[in-house]
Ligand SMILES: [Ca+2]
Ligand SMILES: [Ca+2]
């Protein structure tokens, strides 16, 4: 009978542990200059050391003003971060504390820029620059210099942002966000998962009852 029961348990556990699809909503506000992020807290401005709990990895540059490597986001005369195909890999990751929402000022949006929003459950949400037209890299237009907001749905939490660019360049400054009040590491199964788990145990119980009945009738 164990041979029959174990697959039922395995199926129930697999349903519990299955990674949900990343659910993130996106909205933008035209910039030139940065419209700011009402209701959110400034987390990283790329001016000095990162605050505790934040790290930058990958390949990136930090600069003020415009040159051949990168263009200052419209209306921004402070230091900003850029990634570029002119720098190996054209990709950098900002790891954050657990956030329910995050936003940043995206300068001279190019179609070949993309953003990966990393979620603490291991899944990822991606948006490409060409989702925000005209995405032609114009350094002055409000439509190509936007604050972009990402909000995690349900119990999901944002744990990082990866900036990618296969051309010159992806420019970003002033990451704002909303810190999670629940803190990191709370991994209570969602109601749907509980239902699957309980249903799985129910099947196990039914199998056990059938076995007892079989024993009695034998
Ligand atoms: Ca800055
Ligand atoms: Ca650009």
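Yes or no, residue by residue, for (1) over 23 Å from residue 57 (Cα atoms); (2) more than 16 Å from ligand 1 (Cβ to nearest atom):
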residue	(1), (2)
147	no, no
150	no, yes
153	yes, yes
157	no, yes
160	no, yes
172	no, no
175	no, no
181	yes, yes
| field | Unique residue being assigned by TED's automatic domain parsing to the domain that holds residue 134, surrounded by 15 or more Cβ atoms within 10 Å (Cβ to Cβ), within 16 Å of ligand 2 (Cβ to nearest atom) and under 13 Å from residue 160 (Cα atoms) when the list is 102, 115 | value | 115
| Which ones in segment 131-163 are under 14 Å from residue 104 (Cβ atoms) and within 13 Å of ligand 2 (Cβ to nearest atom)? | 132, 145, 146, 163
| For segment 50-59, does any single residue satisfy the condition of being assigned by TED's automatic domain parsing to the domain that holds residue 162, touching a residue at least 40 places away in the same chain (Cβ under 8 Å), touching a strand residue (DSSP E or B) at 6+ places or on another chain (Cβ under 9 Å) and part of a strand (DSSP E or B)? | yes
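Would you be able to tell me the number of residues in segment 65-78 that are away from ligand 2 (no atom under 16 Å from the Cβ) and free of Cβ contacts under 8 Å to residues at least 24 places away in the same chain? Give the steps one after another, and end with the answer.
Let us first name the residues in segment 65-78 that are away from ligand 2 (no atom under 16 Å from the Cβ), namely 77-78.
Subsequent filtering for residues that are free of Cβ contacts under 8 Å to residues at least 24 places away in the same chain retains 77.
Adding up the residues that qualify gives 1.
The values are calculated or read from the model by the stated rules, or taken from the named source; none is laboratory data. All of these numbers come straight from a predicted model, not from anything done at the bench. So basically every Cβ, Gly included, is an ideal-geometry build from the backbone, and we count neighbours across all protein chains shown.
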